[in-house]
1. Over segment 1-144, what is the mean sequence separation of C-alpha contacts under 8 Å (at least six apart), divided by residue count, expressed as relative contact order in percent?
2. Could you line up VAL109, VAL127 from fewest to most neighbouring Cβ atoms inside 10 Å?
3. Once you charge only the Cβ atoms, +1 for Lys and Arg and -1 for Asp and Glu, what is the size of the charge dipole of the chain about its Cα centre, to the nearest 20 debye?
4. Relative contact order, percent, of the chain when contacts are C-alpha pairs under 8 Å separated by at least 6 residues?
5. Mind sorting ASP77, ASP54 by how few other Cβ atoms lie within 10 Å of their own Cβ, fewest first?
6. Rounded to the nearest 500, what is the chain's calculated 222 nm mean residue ellipticity when only DSSP H runs of at least 4 contribute -39500 (n - 2.57) each, over all residues?
7. Only Lys, Arg, Asp and Glu count, each charged at its Cβ (+1, +1, -1, -1), so figure out the dipole size of segment 31-234 about its Cα centre, rounded to 20 debye.
8. Taking the Cβ of each residue in SER358, SER124, SER258 as the centre, tally the other Cβ atoms inside 10 Å and list the residues starting with the fewest.
Amino acid sequence: MFSELPTPCVLIDMNRLDQNLNVMEQRIQKLGSSLRPHVKTHKVVELARRQVRDFAGGITVSTLAEAEHFAQCGFKDITWALPLPQSQIKRALKLSKSIQLNLLIDHPVTLTFLEEELKSCNQSAFVFLKVDCGYGRAGVLPDSNQALLLAQKMHKSPHIEFSGLLTHAGHSYDCRSKDELKGISKQERNSVLRLASRLRQANIPVPCISIGSTPTMSVVQNLDGIDEVRPGNYVFFDRAQVNIGACQLENIAMSVLSTVIGVYPERKEILIDAGGIALSKDEGPGLSKNKYGLVVDVISQKPLYQCDLHALSQEHGKIKYTSEKPPFNIGDRIRILPNHSCMTAAAHHIFFLVRNNSLEGQWTPMKGW
């Protein structure tokens with residue numbers, strides 16, 4: 001079967017995918033919260049429908065184009081998890097006429113831009129206050145005066161439906177163990193609950209508290225007070241998630257199939273047709289070997305540690321080997337577990353679905369901004 005597929009291409013192990021979906025859903029249900037999955041990892045309508053059981057729940061997206069695409073495909077409750085760009089306000093409000101589009105704001109200037117546009121077109125908008133729980137990328141600090149003042153402005157605005165508080169523990173990707181992850185997951189939860197308490201004491205209702213990343217949600221033990229969580233990468237996982245303690249190697253559901261196009265015994269290297277575009281150049285955290293992906297057996301997916309994927313150019317990958325003879329011949333297929341499945345997936349226009357090493361079908365992800 002693998003010899004018939006074009007390379008490089010993405011393979012999705014459906015048995016592993018099924019398990020990943022079930023484990024996360026059951027974990028979040030057991031802890032009493034709701035799942036609003038982030039679909040940026042895959043951008044596939046069929047998979048998103050599985051995640052929310054055929055439109056029974058909302059989803060999270062990273063681009064406005066994703067929101068528009070999924071809305072056209074029947075999703076009616078979408079959170080755009082990016083602080084609202086001024087250049088996209090008109091386009092976002094056009095979409096919000098047909099669905100509930102939840103926007104993010106963390107600065108009073110952006111709020112002013114939005115309110116002016118809402119007033120001019122006589123609309124209202126659902127808006128979350130974005131909170132920085134320690135990541136340092138976007139959001140108001142939970143103990144700051146700015147957080148309280150901005151929430152007050154949203155609450156009082158005649159054009160804003162204040163949706164609540166939203167945060168993302170992106171710094172969880174700096175962890176290297178489950179214990180570290182558990183600490184970040186507590187920080188993520190406690191920071192927004194602390195701000196929610198301040199707002200409620202100021203008579204500002206907080207309809208929804210939304211948190212989540214795949215690492216923190218893979219180890220979280222307490223979701224009391226949290227209305228929804230937004231993991232995304234968990235559908236596929238990747239080597240980064242393994243290295244930070246969120247999953248095991250056998251949970252990785254995505255791989256890249258590649259063809260050996262050169263064998264060079266004199267320098268103990270193999271050349272493959274998967275380069276930086278097919279795999280991404282995200283390096284595995286804390287890795288000195290296999291820094292661009294882990295070479296595995298094409299059938300069993302067991303790691304081939306004698307192979308070191310150490311260099312990528314645009315369409316080439318270089319693998320050093322330590323065995324006496326080359327482990328592959330020209331024309332052989334090899335399989336690579338990616339470091340960052342979100343970035344790898346974004347480069348491919350087709351995902352081939354594989355179950356027990358037989359082709360089951362294919363998915364087409366959406367593209368663009």
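1. Relative contact order comes out at 14 percent.
2. Final ranking by Cβ density, sparse to dense: VAL109, VAL127.
3. It works out to roughly 500 debye.
4. 20 percent
5. Taking fewest neighbouring Cβ atoms as first place, the list is ASP54, ASP77.
6. When only DSSP H runs of four or more count, the value is -9000 deg cm²/dmol.
7. Here the size comes out at about 140 debye.
8. Fewest to most other Cβ atoms nearby, the residues stand as SER358, SER124, SER258.
We did not get these values from a lab; they are worked out from the coordinates using the rules stated. This one's a predicted model, so the numbers in the text were calculated from it and none came from an experiment. A quick note on method: Cβ atoms are made from the backbone with ideal geometry, for glycine too, and the neighbour counts reach across all protein chains shown.
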